[in-house]
Each structure stands twice: as C-alpha cells, then as structure tokens.
Amino acid sequence: MADKIKIAYLYEDLMNTYGDSGDVKILRYLLNQQGYQVDVDNVSLGDHFNADDYDFIFFGGGQDYEQTVVAKDLLRHAQTLGRYIENGKPMLAICGGYQLLGDYYKTSEGSVIKGLGILPLHTVFKPDSRMIGDTKYETEFGTVTAFENHSGRTYFDDKQKLKPLGKMIEGYGNNPEDGVEGMRYKNTIGSYSHGPILKNQNIAKAIANMIVKNHKHGWVSLHN
C-alpha cells in the first residue's frame with residue numbers, strides 16, 4: 001500500500017484565481033510519480049482544521065470581496081497555522097493567501113483588514129495602479145516565469161526575518177519599489193505568481209522533494 005501524503009487546500013472554493021489550483025494538481029502528480037498516495041482536503045468557511053494533520057498546506061489567491069470574507073474566518077486558525085509555519089513545515093501561499101499571512105492589509109477605502117499576524121509584512125491596496133502582466137524573476141532554483149494581477153503592494157516589516165523568493169527581471173513583484181518577488185520564511189513561500197507558479201518545474205520539484213523529506217523526517221530546510 002502506498003504511503004500517504006496529506007495536503008490541505010485552504011478555501012479552494014473562494015481562493016482560486018488564474019489557475020492557482022493547478023499548483024496542487026502539479027504537486028499531486030509529482031508526488032504520485034514518487035510512489036505516494038496524495039489526499040487533498042479542501043478546507044473552507046466554518047470547517048474544522050488542524051494544520052498539524054497535514055504534510056503540506058496550499059493557500060491560493062482570490063478577488064477582493066472573497067478575500068475579505070476569508071480573512072474573517074481565517075483568524076480561527078491563527079494558532080495552528082502559526083505553529084505549523086514556525087515548525088518549518090512546507091506551505092505555499094499565492095497572492096491573497098500570501099497577504100493574509102501578514103499583519104494586515106489596508107483597503108482602498110482606508111479600512112484595515114486584520115491578517116493572521118504570523119509573518120512581519122503588510123499590504124496596502126492601490127487600485128489606481130494595478131500591477132498586471134507577465135513576470136520573470138531569478139530564484140535560487142533558477143529563473144521563474146509567471147503572471148501577476150494585483151493592486152496590493154506588500155512590504156516586509158522585518159527584512160532580517162523574511163527573505164524574498166526572487167529578484168525581479170520583468171514585472172513588479174511585491175511592489176514597484178523593492179524589485180523583489182515573493183517571500184521566504186523557513187519552509188513557507190509566499191508569491192504573487194499565478195499561472196500557476198508551479199508550471200516552473202524547478203520550483204515544483206523542489207517543493208515536492210521538500211514535502212517528501214518533511215513527511216519522512218520531520219522538519220527540513222528548503223535549502224537541503
């Protein structure tokens with residue numbers, strides 16, 4: 001009987017824009033190729049969720065209204081997700097999911113929506129200057145090509161703790177000023193890259209291998 005890997009897809013019904021669900025499908029395929037059975041649980045509004053039950057967590061992007069709805073429900077899971085991330089277990093968060101790991105995001109009307117407060121970052125929405133188009137950036141895994149479409153500008157509040165996923169070659173990334181894309185903290189990756197990002201096999205294979213190592217041995221570094 002094949003060994004089983006469990007993936008949690010947070011708010012799949014609300015946070016799945018521009019092909020983000022493809023990231024989970026790609027990982028499932030790569031893990032199946034390594035001989036693992038992969039179970040994916042879609043966790044949505046009001047559902048029970050314990051991050052410790054999973055080998056990998058995926059959190060996709062959503063439209064502004066859906067993201068606001070999710071933000072209110074998500075706070076129930078702050079403790080379990082915070083423990084999961086601090087324990088170095090693997091997670092990928094895209095666009096709105098990435099933003100919600102931070103302290104807050106400020107809407108175009110000036111209201112502040114509370115995030116999980118797990119990571120020291122915040123996001124400010126500037127709807128009059130939307131960042132949209134193809135992107136290219138350099139990571140430790142090689143060059144990544146993707147697609148971005150966001151009004152939110154994300155900023156790190158602790159640049160010693162958080163590191164960017166990559167350095168921009170084309171496009172905007174986190175914001176127009178910093179010239180970087182995404183975030184790295186332990187084995188958690190945040191990114192504005194849709195398309196999905198894991199069509200880039202360099203990153204897809206690195207994350208799949210990280211999931212396997214974590215499943216077998218517990219905490220591992222993404223650099224290993």
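The values are calculated or read from the model by the stated rules, or taken from the named source; none is laboratory data. Quick caveat: nothing in here was measured; it's all calculated off a predicted structure. All Cβ positions, even for glycine, are placed from backbone atoms using ideal geometry, and neighbour counts span all protein chains on display. Calculation scope for accessible area: heavy atoms of the full protein, side chains included, ligands and nucleic acids excluded. Shrake-Rupley method; radii C 1.70, N 1.55, O 1.52, S 1.80 Å.
From the list ILE113, ILE118, ILE85, the lone residue that is in contact with a Leu (Cβ under 7 Å, 6 or more places away or on another chain), among the aliphatic types (A, V, I, L, M) and surrounded by fewer than 23 Cβ atoms within 10 Å (Cβ to Cβ) is ILE118.
With respect to being open to solvent by 50 Å² or more (accessible area, probe 1.4 Å) and assigned to a strand (DSSP E or B), ASN32 falls outside the description. The residue pairs whose first member lies in segment 63-76 and is more than 15 Å from GLU12 (Cα to Cα), whose second member is assigned to a loop (DSSP other than H, G, I, E, B) and open to solvent by less than 20 Å² (accessible area, probe 1.4 Å), and whose beta carbons are closer than 6 Å, counting only pairs six or more residues apart or on different chains, do not exist in this structure. If you check ILE132, ILE211, ILE189, which single one turns out to be aliphatic (A, V, I, L, M), under 22 Å from THR17 (Cα atoms) and under 18 Å from the mean Cα position of the chain (by Cα)? Only one candidate qualifies: ILE189. Listed by position, the strands (runs of 3 or more DSSP E) inside segment 40-110 whose residues that are farther than 24 Å from TYR29 by Cβ and out of contact with any helix residue (DSSP H, G or I) (no Cβ under 7 Å at 6 or more places or on another chain) number at least 1 are 104-106. PRO90 falls short of the stated requirement of being of a type outside the set (Lys, Arg), open to solvent by less than 40 Å² (accessible area, probe 1.4 Å) and touching a Lys or Arg at 6+ places or on another chain (Cβ under 7 Å).
Among the numbered criteria (1) open to solvent by 30 Å² or more (accessible area, probe 1.4 Å); (2) part of a strand (DSSP E or B), which single criterion is violated by VAL144? Every listed condition holds for VAL144 apart from (1). For segment 149-168, a tally of residues being in a loop (DSSP other than H, G, I, E, B) and either open to solvent by 60 Å² or more (accessible area, probe 1.4 Å) or within 13 Å of GLY179 (Cβ to Cβ) (or both) returns 6. For segment 10-25, indicate whether the set of residues that are open to solvent by less than 40 Å² (accessible area, probe 1.4 Å), touching a helix residue (DSSP H, G or I) at 6+ places or on another chain (Cβ under 8 Å), modelled with pLDDT of 95 or more and aromatic (Phe, Trp, Tyr) is non-empty. No, every residue in segment 10-25 fails to be open to solvent by less than 40 Å² (accessible area, probe 1.4 Å), touching a helix residue (DSSP H, G or I) at 6+ places or on another chain (Cβ under 8 Å), modelled with pLDDT of 95 or more and aromatic (Phe, Trp, Tyr).
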